[in-house]
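One structure is given here, and the rest of the page talks about it.
The values are calculated or read from the model by the stated rules, or taken from the named source; none is laboratory data. Since we're looking at a predicted model, the values are computed, not measured. Virtual Cβ from ideal backbone geometry, glycine too; neighbours counted across all protein chains shown. For the accessible areas, the whole protein counts, side chains as well, though only heavy atoms, and no ligand, DNA or RNA atoms are used. Shrake-Rupley method; radii C 1.70, N 1.55, O 1.52, S 1.80 Å.
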Amino acid sequence: MPEFGRALRQRFRLEPGVDFLNHGSFGAAPLEVLDAAERWRRRMEANPDDFYRDVLPGELRRSASRLAPFVGARAQDLVFVENATAGMNAVLRSLSFQPADEILLTSLSYGAVRKLAHYVCDRSGARCVEPRIPIPVHDNDELLQSLTRAFSARTRLLIVDHIASPTGLIWPLTELVALARSHGVPVLVDGAHAPGQIELDIPSLGADWYTGNCHKWLFAARGCGFLWTRPERNAAIHPIAISHGYGGGLTAEFDWTGTRDFSAWLAIEAALEFVEAIGAERVRSYCHDLVTSASAEIARLWREPLAGPPTMHGSMMAIRLPNAWQRVLPATREAAAKLQSTFMREHRIAVAINVIDDTLWARISAQIYNAPEDYERLGQIGPRGPG
Ligand SMILES: Cc1ncc(COP(=O)(O)O)c(C=O)c1O
């Protein structure tokens, strides 16, 4: 296996000349995984009848059996979904809520998941409770405290990220699930960023449902996510698209939701082989060390704080943007999106810009194809501001 950084970057199709510091948003798959997905597509096209009727069902379950141990799960409790959005939708739209019920999220919850929760509330008369999480955070207790006060007798569900999107903060899930349990509240975990970025043993977290992406940090081809449910919850959860499998149990319902391209799911084995060849722990520690040192240096150059200490992060960290930007730009989603495009177009830097608490923050990621020099230009451009 080549060295981390420049040499490994050759294994990805990433455009030359761009500093890719935003693996977190969409991931990137190495050539061998893309090739494996292409081989599955060729097999499907060569004989669709044979493929869909006789090859696919067994191969899908085989792929689930390959992925399951990587996340500590049993294959019969784990199904593929297109992405974390689909997994979150499947769970939330399978549950029933009554008027005045409360769904508990946080101010750090992913925007699309917040919209989904609002949609479910609009249809049922339930309401979303979204306590503010002050950033920067200094320790796990702060995160737990900010949620403790938000439970009520009407709380019917806690939705929590395993790794929060705008900050990269890792939530103390075991403690949080115990807190929810003490209130009799079930827990849905949005693990969009977790598989591959941190070690996972999903059942031991004690949550009721867990959805994750493999196309972000597990090197899978895009469109590969999964949903896990506690065994006793399996029968109550249905995919967004109901199809032939309805009533047949979790795997029957999710394994067929209509004709689609299954290649990203079937190529999960190639993704796991890729990460296992390097060593999952080596990947995690390289990325964590790199993002920790890069963000510390950027924070020093910008004279701005990090969203949290390195111990609360995996491979993503956020730094508040310098005053030179905050002074001239409104802290809105539109301004953040525009600024992110400016970084790409004018500087060829892929970096995520988010609004947290009326302030603009930059989130950087580290992946095996990154090297320390990738972060230097961002560090230097920051204090200059837009103009
Ligand atoms: C916390 C969180 N949840 C859900 C998603 C949605 O992921 P996807 O677009 O793959 O469904 C993201 C994407 O970045 C995320 O950060």
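Couple of notes before you dig in:
- The single residue among 31, 67 that is touching a strand residue (DSSP E or B) at 6+ places or on another chain (Cβ under 9 Å) and free of Cβ contacts under 8 Å to residues at least 40 places away in the same chain turns out to be 31.
- Number of residues in region 332-351 that are surrounded by fewer than 16 Cβ atoms within 10 Å (Cβ to Cβ) and either of a type in the set (Asp, Glu) or on the phi < 0 side of the Ramachandran plot (or both) equals 11.
- Any hit, region 90-110, residues being in a helix (DSSP H, G or I) and open to solvent by 10 Å² or more (accessible area, probe 1.4 Å): no
- The lone exception for residue 63 - which of (1) open to solvent by 30 Å² or more (accessible area, probe 1.4 Å); (2) part of a helix (DSSP H, G or I); (3) among the hydroxyl-bearing types (Ser, Thr, Tyr); (4) away from the ligand (no atom under 16 Å from the Cβ) it fails: (1)
- Among residues of region 205-229, those that are more than 11 Å from the ligand (Cβ to nearest atom), open to solvent by 10 Å² or more (accessible area, probe 1.4 Å) and on the phi > 0 side of the Ramachandran plot, counted: 1
- Residue match in region 359-374 (condition: out of contact with any Phe, Trp or Tyr (no Cβ under 9 Å at 6 or more places or on another chain), surrounded by fewer than 22 Cβ atoms within 10 Å (Cβ to Cβ) and part of a loop (DSSP other than H, G, I, E, B)): no
- Residues satisfying the stated conditions in region 145-200, i.e. among the small types (Gly, Ala, Ser), within 16 Å of the ligand (Cβ to nearest atom) and in a loop (DSSP other than H, G, I, E, B): 164, 165, 168, 192, 194, 196
- Count of residues meeting criterion [out of contact with any Ser or Thr (no Cβ under 7 Å at 6 or more places or on another chain) and either farther than 19 Å from residue 83 by Cα or open to solvent by less than 10 Å² (accessible area, probe 1.4 Å) (or both)] in region 235-252: 7
- If you go through region 66-87 and pick out every residue that is among the polar types (S, T, N, Q) and away from the ligand (no atom under 16 Å from the Cβ), you end up with 1.
- Residue match in region 113-128 (condition: closer than 30 Å to residue 358 by Cβ, without any contact (Cβ under 8 Å) to a residue 40 or more places away in the chain, within 16 Å of the ligand (Cβ to nearest atom) and of a type in the set (Val, Ile, Thr)): yes
- Filter result for residue 209 (modelled with pLDDT of 95 or more and in contact with a Ser or Thr (Cβ under 7 Å, 6 or more places away or on another chain)): yes
- Of all positions in region 232-239, at least one carries a residue that is within 16 Å of the ligand (Cβ to nearest atom) and part of a loop (DSSP other than H, G, I, E, B).
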